[in-house]
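Reading through the structure tokens given below for one structure.
Taken together, the values in this text are just the output of simple stated rules run on the coordinates, not laboratory data. Please read all numbers here as calculations on a predicted model, not as lab measurements. Reconstructed Cβ throughout: ideal geometry from the backbone, glycine too, with neighbour counts over all protein chains shown.
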Amino acid sequence: MTAVTPMTAAVPGARTAPDAASGHRTDAERLVEGLRRRRPVVLVDVRTPAEYETAHVEGAVNVPLELLLREPGAVASRLSGDVVLMCALGGRAEQAREALVAAGATATLQVLGGGVDGVRRAGGTVVAGRSRWAMERQVRLVAGSLVLGSVLLSLRVPAARFLAGGVGAGLTYAALSDTCTMARGLARLPYNRTVASPTLDEVLAQLDAA
């Protein structure tokens, strides 16, 4: 894994936050341009280890959100300078930013909009591994299957339509809160746990080396 040394220069074009608590977003184009100019920034990928193995931005350190939320203070203590948090779309990265800010992070934290796919489209270097469905695609499959199945079942069991309503309500809440309970549940399935999760000590060591 190639690490990018943390310093205080911001990603080109991104607004500079006065402190970690303000937080802000950056986009893939600005990040890629900054990396090409070798501007120092620490890249933190908060997706699951399986998602990270499938594809990740070169130099990014995998700090799974589940682990980060358990030990935000320990992770925050290892971050300094400019840090870009990334996931698939930005929702989990924002959760990570909020947890780190609450834990007293002093680094300038940016959330990457567009995620890893955005970096790929912007021409950045993405390391590809084992092919696996992205978490968002898995959520769409499960949610769609539940809705379709409940609608068909409701032809015989009318009460089954409430399951479709429940799924719709859950997706609405996920959009409004920018969180997804279904994704967290799917992340625990064996399919998404074929790669061992890093321990806290391993994560901290990688952040120290970044």
Inset, instruction - Given the conditions (1) under 26 Å from the mean Cα position of the chain (by Cα); (2) not in a helix (DSSP H, G or I), report the number of the one that ALA169 does not fulfil. - result: (2)
Inset, instruction - State whether one or more residues within segment 66-78 are closer than 23 Å to VAL195 by Cβ and among the polar types (S, T, N, Q). - result: no
Inset, instruction - May I ask you to list the residues in segment 103-149 that are in a helix (DSSP H, G or I), surrounded by fewer than 14 Cβ atoms within 10 Å (Cβ to Cβ) and either in contact with a Cys (Cβ under 7 Å, 6 or more places away or on another chain) or touching a residue at least 40 places away in the same chain (Cβ under 8 Å) (or both)? - result: ARG121
